[in-house]
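Notes for the one structure printed next.
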Amino acid sequence: GLRDTPAYLRFRIGLSVPLWQGQYKSRIKAAQTGFELAQERTNAQKQILSIDLQQAQGDFQKYKQALDYYETKGLKQSEEVISTATRLFKTGHNDYLSFLRTLSDAYTIKQRYIDALRNHNQT
């Protein structure tokens, strides 16, 4: 039996040395590096979005001011110019060429209003 077996055969003493310990350390380090890289990308993306938001807000204010101008003054002036140019042309005070130039200027104002409205709606 067991008692008859010599002591050096009954017990085993050993030393376990992990041979692949470096492999696990490199995987952990790679995962940490990947995590840090992802954090840096996230921070960079946050900054880009913040800058884009500020620019969009600035554009919105700019287009809002332009839209307010055209809605309060510009379109009314355009209509007055068209009305006056038509009246002067009909009474003979303006020739056809100056009438067309004046109408072109008035419709340019209306076109700029439409551009301002489109820009405002796109921001």
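The values are calculated or read from the model by the stated rules, or taken from the named source; none is laboratory data. What you see is a predicted model; the values in this text were computed from it and never measured. All Cβ positions, glycine included, derive from the backbone under ideal geometry; neighbour counts span all protein chains shown. When the accessible area is computed, the model is the full protein with side chains, heavy atoms only, and any ligands, DNA or RNA have been set aside. Shrake-Rupley method; radii C 1.70, N 1.55, O 1.52, S 1.80 Å.
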Within 10 Å, count the other beta carbons around each residue, average over each peptide in 63-70, 35-42, 86-93, and list them highest first.
63-70, 86-93, 35-42
Over the range 42-111, with neighbouring protein chains present, the accessible area per residue in Å² at probe 1.4 Å is 75 Å²
Provide the FRET efficiency to the nearest 0.05 for the ALA56-LYS110 pair, computing r from the beta carbons and using R0 = 35 Å.
0.85
